[in-house]
1. If you stretched the chain out fully between A:Thr209 and A:Ala315, how much longer would it get, using 0.36 nm times the residue separation minus the C-alpha to C-alpha distance?
2. Using a 10 Å cut-off on Cβ to Cβ distances, tally the other chain neighbours for every residue of B:54-62 and report the average as a whole number.
3. How big is the range B:88-216 in terms of Cα radius of gyration and Dmax, in angstroms?
4. Work out the length of the dipole vector of the range B:88-216 about its Cα centre, built from +1 on the beta-carbon of each Lys and Arg and -1 on the beta-carbon of each Asp and Glu, and round it to the nearest 20 debye.
5. Give or take rounding to whole Å, what are the principal axis extents of the alpha carbon atoms in the range A:181-301, in descending order?
6. Hey, what's the Cα Rg ratio for the range B:13-141 versus the globular rule of thumb, 2.2 N^0.38 Å?
7. Give the average, rounded to an integer, of partner chain Cβ atoms located within 10 angstrom of each Cβ in A:187-195.
8. For chain A, I need the span (max minus min coordinate) of the C-alpha atoms along each principal axis, in Å, sorted largest to smallest.
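Readers should treat all values here as calculations from the given coordinates under stated rules, not as data from a laboratory. Please read all numbers here as calculations on a predicted model, not as lab measurements. Because the Cβ atoms are built from the backbone with ideal geometry, glycine has one as well, and the counts that use them run over all protein chains shown.
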Amino acid sequence: MIRILTPGLGATVQDLGRSGLANIGVGRSGAMDRRALRVANALLGNAEEAAGLEITLGGFSFEALEPVAIALAGADTGATLDGRPLPRWWARTLLPGQVLRMGHSRTGMRGYIAVSGGLDVPEVLGSRATDAKGGFGGHDGRALKTGDILTTAAEVTGSRALDFGLSPRAWPDLWADGSGETEVRFVPAMEWADHDDETRALFCATGWTIEPASNRIGYRLDGPEMVPTIRRELLSHGILPGTIQLPPSGRPVIQMLDANTVGGYPKLGVVIDADLPLLAQATLGSTLRFREISAAEARAARRGEDDLISAVRRATSHQRKG
Amino acid sequence: MTTPAAHVSEMGESALLIQSGGPMSLDVQRLYWALDRSCRDLPGVTETVLGVHSLLLRFDPRAEVAETAARLPELWSETRPAEGEGRLVEIPVHYGGAGGEDLAELAACHDLGIDEVVALHSAPTYTVFALGSQPGFPYLGGLDPRLATPRRSSPRQRVEEGSVVIGGEQAGVIARTSPSGWHIIGATRVSLFDHARDEPALLQPGDQLRFSVEEVSA
């Protein structure tokens, strides 16, 4: 069991999200940086679908009420355990009374904490992720508050305490930060063809600014106005996390994990799943660039993500067993 | 009816979208309901998402999407409209009052009396074209064109669950308390979505819906 001392700006229980229910309007939800949550679960030897905590912009702390094995992942939040720094991408066994704090992240947006066995919240519609719009899943369908108590699915038994992690030298990709400029890859969608070569080139050449109003629902981008050669009034159609829409303002919006299941704005493309974690960590006000790739290349990138998680599991298995 | 044109496009690495243009037509939507049923069994398809005149197909990321993309135009041309009527669901509405704060203004903007708006809204049998936007929210066809009203210039931050609303040419019922730019003309106690029910969504695409007058307040 852990008790939340300070919840920060928005801490929620998330797993890899819901699927199969978009037809009744239920969105995906789940970790914005699924790579980070997967790494955290891999460090602890948890199942892929184990639920953990997503902490936005830090300012979060909790107290262990019993021995609990945790893993830290995602943004650099300057985490401390009883005041002593705890490295990023690190697994550690906490003793009762110990307090873990996350500071305010400067080089990323979202930190993740996995617990041994996953957080023990009820599965709702096939997932433990918080659906903020629907008000279900996670911890009572809402963001965490001071005093909330969460239980872990697996008890820590008498075996040796965990204290290991992934070094920047061996895992440089994980230690890269999102503070400067982020490049994400996208596959063009239907209305990409409604733009002339010049406008398409402008889209890919522009360093778009991520507006402060960006969140788990969507990212608003500021930059030059994108003017299509044909303006279409579309009927509502299914969309996915990563869909880049172009509202009449001419400034793109990227739909994220808490987005609506349908939308009506023209679509320039879809950010590939493997790059959604980069978007999740791109700081508000930072610069975003787009690179066009094919669907086949995007599927290869997704396999690369799976390979990374397998590599983490392999590289750390002996440290879990002791 | 001749089958309207439909365009197939990629939606990211492992999804396809097939869509036709407007205006909203029950005949066209019947084709998409039928296409939805036949596409669920296609190889590699893990999920289908109905829209208005559209269907999104999600694939297993390991599946080959190109073959299905090539087959879709033929499948579309062979699709016949889904037959039969869905269930008829009645939604009792308290029009106006605190739960329907825009009723008087909407009536005035169309130069209609409040009773005329209530009569026009509760007369038709509406059809659920698709569900989406929020859990359980129905896209309804069948609003009397005399009630079509452009959305509010700025959305309300909070519209209560159960609000009976009009936005553009569509009627709707807010399924989850949320921001909305639609006009609120009444309220119902019927719950459109409950995650704890065996069937969380009250309505399914193809179902029919009638609003009945429970009470009218000025």
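1. Length gained, A:Thr209 through A:Ala315: 34.4 nm.
2. Rounded to a whole number, the mean comes out at 4.
3. Values for the range B:88-216 (Cα only, Rg and Dmax): 13.5, 44 Å.
4. Dipole of the range B:88-216, to the nearest 20 debye: 400 debye.
5. Sorted largest first, the three principal extents are 34, 32, 28 Å.
6. 1.38
7. 3
8. For chain A, the Cα spread along each principal axis is 67, 42, 32 Å.
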